[in-house]
1. Are any residues in the range 91-101 touching a helix residue (DSSP H, G or I) at 6+ places or on another chain (Cβ under 6 Å) and either surrounded by 17 or more Cβ atoms within 10 Å (Cβ to Cβ) or among the hydroxyl-bearing types (Ser, Thr, Tyr) (or both), and if so, which ones?
2. Could you check residue 163 against (1) in a helix (DSSP H, G or I); (2) within 30 Å of residue 81 (Cα to Cα); (3) free of Cβ contacts under 8 Å to residues at least 40 places away in the same chain and say which number it fails?
3. In the set 120, 140, which member is part of a loop (DSSP other than H, G, I, E, B) and surrounded by fewer than 20 Cβ atoms within 10 Å (Cβ to Cβ)?
4. Can we say residue 125 is buried (at least 22 other Cβ atoms within 10 Å of the Cβ), small (Gly, Ala, Ser) and either modelled with pLDDT of 95 or more or under 21 Å from the mean Cα position of the chain (by Cα) (or both)?
5. How many of the residues in the range 2-46 are more than 26 Å from residue 165 (Cβ to Cβ) and either modelled with pLDDT of 95 or more or not β-branched (Val, Ile, Thr) (or both)?
6. Could you go through the range 75-86 and let me know if any residue there is exposed (fewer than 15 other Cβ atoms within 10 Å of the Cβ) and on the phi > 0 side of the Ramachandran plot.
7. Determine the pairs where a residue that is on the phi > 0 side of the Ramachandran plot, located within the range 171-185, has a partner that is crowded, with 21+ Cβ neighbours inside 10 Å with Cβ atoms under 7 Å apart, the partner being 6 or more residues away or on another chain.
8. Being among the charged types (D, E, K, R) and surrounded by 15 or more Cβ atoms within 10 Å (Cβ to Cβ) is the filter; apply it to the range 143-164 and report the residue that is nearest to residue 108 (Cα to Cα).
Amino acid sequence: MPPVLDIRDVHRVYDTGAGRTHALRGVSLTVRRGEFLAIMGPSGSGKSTLMNILGCLDTPTSGSYLFEGLDVSKLDDDELADVRATRLGFVFQSFNLLPRATVLRNVQLPLIYTDCPKRDRERRAVSALASVCLPADYYDHRSNELSGGQMQRVAIARALVNDPALILADEPTGNLDSATGEMVLETFKRLRDEGKTIVLITHDAEVAAHADRLVHIRDGRLLTDDAERELVLHSTTHGRGLT
């Protein structure tokens, strides 16, 4: 069985009025099924560009990206849209829920753009919400009536509803307090235990520490895995001792 994602020597160059920006420089990364990976880097490091490529929202200037063994570069716009709709789940910092729609309606939305029969949508949405441990009492609430942590759990359920091969989480705890963020990260770990593959983008070492594997990106280059994790965690701990 091929890895969920396999990128080789990926470069991404943008041409702008101010000149050329080399956002990614020879990035290679493999993620296998059931892994919980954190990609950590500061602002401007290239992590958002990498996330867009992994999510089939952008394409490399050069290099290759195989998603479940499929060469993404050979897909047309409709095929890429189908991959995003059926094989990828997205979780964002800002939740991106419809504020006046109910929790159940928000989770069902990705299914509307697939061939899922209407009678199956609610069943699958309820199952996804149960997997993130949101009580059924909230299913008929509008999303703008929920707390931040509850909204993020709804967003995770929405990402799960199509049973995706990969969940991409972009700073998923950025708008949450530390206790609520911890609950969301525990949800990701529980999903990992159930066999889901998760890639989390963050600038926060404490958030990254919840993942099983860490890679660090800086100036468009991917650094080491576990050795980098030890370095980042040591630096964080040492820094706290100085304050």
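1. Residues satisfying the conditions are 91, 95, 97.
2. (1)
3. On the way: 120 fails: part of a loop (DSSP other than H, G, I, E, B).
Sole residue among the options that is part of a loop (DSSP other than H, G, I, E, B) and surrounded by fewer than 20 Cβ atoms within 10 Å (Cβ to Cβ): 140.
4. yes
5. Pass one, the range 2-46, residues more than 26 Å from residue 165 (Cβ to Cβ): 13-22, 25, 42-44.
If we keep only those that are either modelled with pLDDT of 95 or more or not β-branched (Val, Ile, Thr) (or both) as well, we get 13-15, 17-20, 22, 25, 42-44.
Residues in the range 2-46 being more than 26 Å from residue 165 (Cβ to Cβ) and either modelled with pLDDT of 95 or more or not β-branched (Val, Ile, Thr) (or both): 12 in total.
6. no
7. From residues that are on the phi > 0 side of the Ramachandran plot, the pairs are 171/201; 171/202.
8. In this case the residue turns out to be 158.
The values are calculated or read from the model by the stated rules, or taken from the named source; none is laboratory data. The structure displayed is predicted, hence computed values, not measured ones. As a convention, Cβ positions derive from the backbone with ideal geometry for all residues, glycine included, and neighbour counts pool all protein chains shown.
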